[in-house]
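In what follows, a structure is listed as structure tokens, so that the remarks can point back to it.
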Amino acid sequence: MSRANQFFLKFIGLKDGSHKFEYDLDNSFFVSHDYSDFNSCDIKVKIELVKKTTVLELHIIGSGLANINCTLSNEPFDFEVNSKMKLLLKFGDKYDDSNDELIILPHGSHTVELDQFLYEMIVLSMPIRNIHPGIDDGSLKSDILNRLKDFDINKEKSSNFDPRWDKLKKLKK
């Protein structure tokens, strides 16, 4: 990954107090991390940096739209991304990110690299199963959905239903 694709937050020279930053993430950001689940995306990341004498607090909020494919129908749809993260940055002898919420930066550091944190925040906020909203409200018409309905085991008995399955259903109860 090239250094141009990374996001750095420069905190040297800032006075103590609250400072705001904004970043835009598009699909190329996620492709650079070998994440290809998004067809496209437009995510705004807002960061509030609270600088104190010995610690830096980062409050990160990501929101926007990601176009993804439905897990059931493979139809693309826009998913609303909303994610939050809080990081605490302290200074120590060497870099340590073994804790999810506390990052130790080496003394003398003047920037923090945010791209891995932003990537993890967005990707981990995505659901495991991406269901098209049209499936829930019944408005999505798709050949795949029609084919899945043919194999639905919860539907009423049809003329080609094998009666031997009834005895197995009784065992389930």
Can you tell me which of F8, F79 is crowded, with 16+ Cβ neighbours inside 10 Å, of a type outside the set (S, T, N, Q) and touching a residue at least 12 places away in the same chain (Cβ under 8 Å)?
F79
Of the criteria (1) of a type outside the set (D, E); (2) within 12 Å of the chain's Cα centre (by Cα); (3) under 21 Å from S40 (Cβ atoms); (4) part of a strand (DSSP E or B), which one M121 fails:
(4)
Between N99, N130, N74, which is part of a loop (DSSP other than H, G, I, E, B), loosely packed, with under 14 Cβ neighbours inside 10 Å and in contact (Cβ under 8 Å) with a residue 40 or more places away in the chain?
N74
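Here is a list: K44, K90, K86. Which entry is within 27 Å of L105 (Cα to Cα), surrounded by 13 or more Cβ atoms within 10 Å (Cβ to Cβ) and basic (K, R)?
Values: K90 fails: surrounded by 13 or more Cβ atoms within 10 Å (Cβ to Cβ); K86 fails: surrounded by 13 or more Cβ atoms within 10 Å (Cβ to Cβ).
After ruling out the rest, the residue left standing is K44.
Quick one: would you say V50 is within 21 Å of the chain's Cα centre (by Cα), among the hydrophobic types (A, V, I, L, M, F, W, C) and outside any helix (DSSP H, G or I)?
Details: within 21 Å of the chain's Cα centre (by Cα): no; among the hydrophobic types (A, V, I, L, M, F, W, C): yes; outside any helix (DSSP H, G or I): yes.
Here the answer is no, as V50 does not meet what is asked.
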Top-ranked residue in the stretch 53-71 [being in a strand (DSSP E or B), free of Cβ contacts under 8 Å to residues at least 40 places away in the same chain and polar (S, T, N, Q); ranked as farthest from E22 (Cα to Cα)]:
N67
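Residues in the stretch 74-103 that are of a type in the set (G, A, S) and closer than 19 Å to I122 by Cα: how many? Reasoning before the result, please.
Step one: list which residues in the stretch 74-103 are of a type in the set (G, A, S), which gives 83, 92, 98.
Among the residues that remain, those that are also closer than 19 Å to I122 by Cα are: 83.
Qualifying residue count for the region: 1.
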Hydrophobic (A, V, I, L, M, F, W, C), at negative phi and without any contact (Cβ under 8 Å) to a residue 60 or more places away in the chain: does that describe F91?
yes
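Can you tell which of S109, S142, S159 is modelled with pLDDT under 90, more than 21 Å from the chain's Cα centre (by Cα) and closer than 24 Å to S40 by Cα?
On the way: S109 fails: closer than 24 Å to S40 by Cα; S159 fails: closer than 24 Å to S40 by Cα.
Just a single option satisfies the conditions, and that option is S142.
The values are calculated or read from the model by the stated rules, or taken from the named source; none is laboratory data. Keep in mind that this is a model prediction, so the values were computed, not measured. Note: ideal-geometry Cβ built from the backbone for every residue, glycine included; neighbour counts use all protein chains shown.
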